[in-house]
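Below is one structure, written out as structure tokens; the observations come after it.
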Amino acid sequence: MSTHIGAANGAIAERVLLPGDPQRAQWIAENFLDNAVCYSTVRGMLGFTGSYRGTPISAQGSGMGMPSASIYTHELIVDHGVRTIIRVGSCGAIVDDLALRDVIAASGSSTDSQMNRVRFDGLVDYAPVADFGLLRAAADTADVRGLPMRVGPVLATDAFYTDRPDLYGRLARYGVLAVEMESAAIYTIAARHRAQALTLLTVSDQLVRDEHLSADDRERGFAAMVELALETAVR
Ligand SMILES: O=P(O)(O)O[C@H]1O[C@H](CO)[C@@H](O)[C@H]1O
Ligand SMILES: O=c1cc[nH]c(=O)[nH]1
């Protein structure tokens, strides 16, 4: 039994949707999965297993930030045998040609976290990237569904409330689309254990124009992204 998830062996499917918000995990389970059962309420970080078009799928909250997401990613893969993780998160767009509710697939993830500096003794700036097979499957699925999806790099930051908003402008000039708080750690841990990971994001904040979705939208407003993630997971 895992330390933080605390689920029994076999309770979690090999394919997991991983939102930061545990209430989003519950919303996914109740609205998109068949016969969903809650396998964990530990720390309120809810996890559910059900099926989508006949394939077992779990939805697990990961919390906010890389320390929390690292714990859930590690336990899912190492303790529960998960092979495919698709993060379904919210993000702040830092370029002006993205709008609220647009969907992004994070091809790579720059980070201001020190986790990988520690991991590689500060000798290498490791480049966390999406699993190419999953990314290609998501892009193909988005095409088939007629869902516009931007593919590009994001920033995974430790600080939601930053003292350095100027860095967002500089990153945008280098092609970075948006900021969120987990993808770099998820990509790194998945790569370490030879699992597949992809981060899909919905724009909840347009930081260039100071536009924002409500808390309710962040919890229950991301159906297009969740359907894309589920279709990608079962391909
Ligand atoms: O909506 P989730 O998946 O939690 O993701 C984003 O929202 C949180 C910040 O509001 C951070 O976890 C960030 O990465
Ligand atoms: O990390 C995040 C997530 C959503 N919106 C932001 O501005 N930042």
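What follows is calculated from the coordinates using simple rules that are stated; it is not laboratory data. This is a predicted model, so every value here is computed, not measured. Here the Cβ is made from the backbone with ideal geometry for all residues, glycine too, and neighbour counts use every protein chain on show.
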Query raised in the report: Roughly how many nanometres apart are two label points built 7 Å out from the Cα toward the Cβ at R117 and V78?
Result: 2.3 nm
Report summary line: A student applying the Cα gyration tensor rule (rounded when a/c is under 1.5; otherwise prolate if a/b is larger than b/c, oblate if not) would label the stretch 20-129 oblate
Report task. List the relative contact order of the stretch 15-233 as a percent without decimals, with contacts defined as Cα pairs under 8 Å and 6+ residues apart. Result -> 29 percent
Requested in this report: Whole number please: convex hull volume per residue, Cα atoms of the stretch 15-233, in Å³.
Outcome: 118 Å³
Query - Segment V208-A139, length gained on full extension (0.36 nm per residue, minus Cα span) - result: 22.3 nm
**Report entry** Neighbourhood charge, 14 Å Cβ-Cβ cut-off, centred on P128 and excluding it, Lys, Arg +1 and Asp, Glu -1
**Finding:** -1
Requested in this report: Quick one: dipole size for the stretch 15-233, taken about the Cα centre, charges +1 on Lys/Arg Cβ and -1 on Asp/Glu Cβ, in debye to the nearest 20.
Outcome: 560 debye
Query raised in the report: What 222 nm value per residue comes from the helices of the chain, counting each DSSP H run with n ≥ 4 as -39,500 (n - 2.57) and dividing by all residues, nearest 500 deg cm²/dmol?
Result: -9000 deg cm²/dmol
Query raised in the report: Measuring from a point 7 Å past the Cα of D163 along Cα-to-C-beta, which residues in the stretch 100-130 have an amide N at less than 18 Å?
Result: 112-114
